[in-house]
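Novice: Encoded as structure tokens, here's the structure I'll be asking about.
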């Protein structure tokens, strides 16, 4: 078979999806034209002579797109669109209007139409408009599919544990979730503060809207405002395009500000203004606009002490602390360790059969005696480690990391004897602390006596140095 030269190859435009269209207009000539041309464009069409007939068709079938004339006897186009949105909210509506009815077209857009065409409309304009509608529907369907996959992967948010302290946490979440109150979640690192925030969101009236989690400690100080509130093109060096901020992304839903204690003082003032006014202003933009967002914050730090030291605004602390939830550490609920471990094992190994013995008593005993400085996050790392080593349950002490075996833990550590730089010693101390805390960065930072932001900066510098090398 003869190959086509690369220079002669022409990229083919993607074919738009086939739309199921309902067309309503009282002009017979236009009805006949659309019954011929819309199928030629690759779409399926049902033609109706008036609004009442169109509404009857909507009751019998579902359509991707409704093309409707605004001026029809008996039932005008706006009434048809309103009726269509009641029966099938996902139906996209396009209106046809005379140039003298421009104000009516604007009114139709306010009632849910996605676009309009003026009469007499060109077929090329109609084809381009339907192409845009088809493309937009494809993107919406892809987003919904991804959301569905994400929900299946994450599963329903479940706070595991029947201890008295966890039952209290669940009761508090049930009480505050249906409200719009700002929530502050306190607790040591790794106790599951984001999981609790997701539970607040899923039990709220906003559960069908976005949940956006932000780690304030991991954001570079120079980009925090842009990340949270967005920016306009050209607002600063490197702002090559408009950017939507995370508050805007979370519109209608919940934004979770984790490690709120790491927020710089300059950003604390701007966050306070957002919480009080409900308005955000993009970087480089003079105009503010409203957002409907519920704010849930979390920190492992003592905000009262930070206020006294001048590191945190007192007015912001009172503003975010409308309702407080304290998550207990894992060592405070030892009785929850086994159900948590079994829950995590099943999450990492979904194929496990119900009723299987997942852990030997010796393994559970070792887990119960551990101090868990990294809390549930450390437990998750331990169970994932054991899952990799364990071909078939139950998990035994041999499947647990080395630190759970006192005989292995007593073995001397290998130390570097050759020349080593101060930078290498510093990073060795950081990696050792992270290893002791199961990768828990806030706990490691606390042990090392540095801020979480400093720890992130050190790690990021190492990554950049490795890439440069």
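The values are calculated or read from the model by the stated rules, or taken from the named source; none is laboratory data. Because the structure is a prediction, the values reported are computed rather than measured. Quick reminder, even Gly has a Cβ in these numbers, built from the backbone with ideal geometry, and neighbours come from all protein chains shown.
Novice: Could you grab me the full set of residues in region 91-116 that are within 21 Å of residue 19 (Cα to Cα) and either at pLDDT 80 or above or loosely packed, with under 13 Cβ neighbours inside 10 Å (or both)?
Specialist: Scanning region 91-116 gives 91, 92, 93, 94, 95, 96, 112, 113, 114, 115, 116.
Novice: Which one of these is farther than 28 Å from residue 140 by Cβ and either surrounded by 17 or more Cβ atoms within 10 Å (Cβ to Cβ) or at pLDDT below 95 (or both): 13, 29?
Specialist: From the options 13, 29, the qualifying one is 29.
Novice: Identify, by number, the condition in (1) outside any helix (DSSP H, G or I); (2) farther than 30 Å from residue 444 by Cβ; (3) at pLDDT 85 or above that residue 257 doesn't meet.
Specialist: The failed condition is (2).
Novice: Could I ask something else about it? Pick from 327, 367: which is buried (at least 18 other Cβ atoms within 10 Å of the Cβ) and either closer than 16 Å to residue 169 by Cα or not assigned by TED's automatic domain parsing to the domain that holds residue 401 (or both)?
Specialist: Sole residue among the options that is buried (at least 18 other Cβ atoms within 10 Å of the Cβ) and either closer than 16 Å to residue 169 by Cα or not assigned by TED's automatic domain parsing to the domain that holds residue 401 (or both): 327.
Novice: Could you tell me whether residue 218 is at pLDDT 85 or above and in contact with a strand residue (DSSP E or B) (Cβ under 7 Å, 6 or more places away or on another chain)?
Specialist: no
Novice: Being farther than 14 Å from residue 225 by Cβ, surrounded by fewer than 17 Cβ atoms within 10 Å (Cβ to Cβ) and within 21 Å of the chain's Cα centre (by Cα) is the requirement here; does residue 290 meet it?
Specialist: yes
Novice: If I ask for residues that are assigned to a loop (DSSP other than H, G, I, E, B) and either touching a helix residue (DSSP H, G or I) at 6+ places or on another chain (Cβ under 8 Å) or outside the structural domain of residue 221 (by TED's automatic domain parsing) (or both), which ones from region 261-287 would you list?
Specialist: 263, 264, 281, 282
Novice: Filter the helices (runs of 4 or more DSSP H) completely within region 354-469 down to those with at least 1 residues that are at pLDDT 85 or above and under 20 Å from residue 337 (Cα atoms).
Specialist: Hits in region 354-469: 361-369, 375-389.
Novice: If you go through region 318-346, how many residues are part of a loop (DSSP other than H, G, I, E, B) and touching a strand residue (DSSP E or B) at 6+ places or on another chain (Cβ under 8 Å)?
Specialist: So the answer is 3.
Novice: Could you say whether any residue in region 377-399 is touching a strand residue (DSSP E or B) at 6+ places or on another chain (Cβ under 8 Å) and touching a residue at least 60 places away in the same chain (Cβ under 8 Å)?
Specialist: Among the residues of region 377-399, not one is touching a strand residue (DSSP E or B) at 6+ places or on another chain (Cβ under 8 Å) and touching a residue at least 60 places away in the same chain (Cβ under 8 Å), which makes the answer no.
Novice: Continuing with the same structure: Restricting attention to region 288-307, which residues are touching a helix residue (DSSP H, G or I) at 6+ places or on another chain (Cβ under 9 Å), without any contact (Cβ under 8 Å) to a residue 40 or more places away in the chain and farther than 26 Å from residue 211 by Cβ?
Specialist: 302, 304, 307
Novice: Just for region 146-169: of the residues that are part of a loop (DSSP other than H, G, I, E, B) and at pLDDT 85 or above, which one is surrounded by the fewest Cβ atoms within 10 Å (Cβ to Cβ)?
Specialist: This residue is 162.
Novice: Inspect all residues belonging to region 179-188 and state whether any of them is on the phi > 0 side of the Ramachandran plot, touching a strand residue (DSSP E or B) at 6+ places or on another chain (Cβ under 8 Å) and assigned to a loop (DSSP other than H, G, I, E, B).
Specialist: yes
Novice: Enumerate the strands (runs of 3 or more DSSP E) found wholly within region 27-145, keeping only those where 2 or more residues are within 30 Å of residue 210 (Cβ to Cβ).
Specialist: The qualifying strands (runs of 3 or more DSSP E) are 65-69, 92-97, 113-118.
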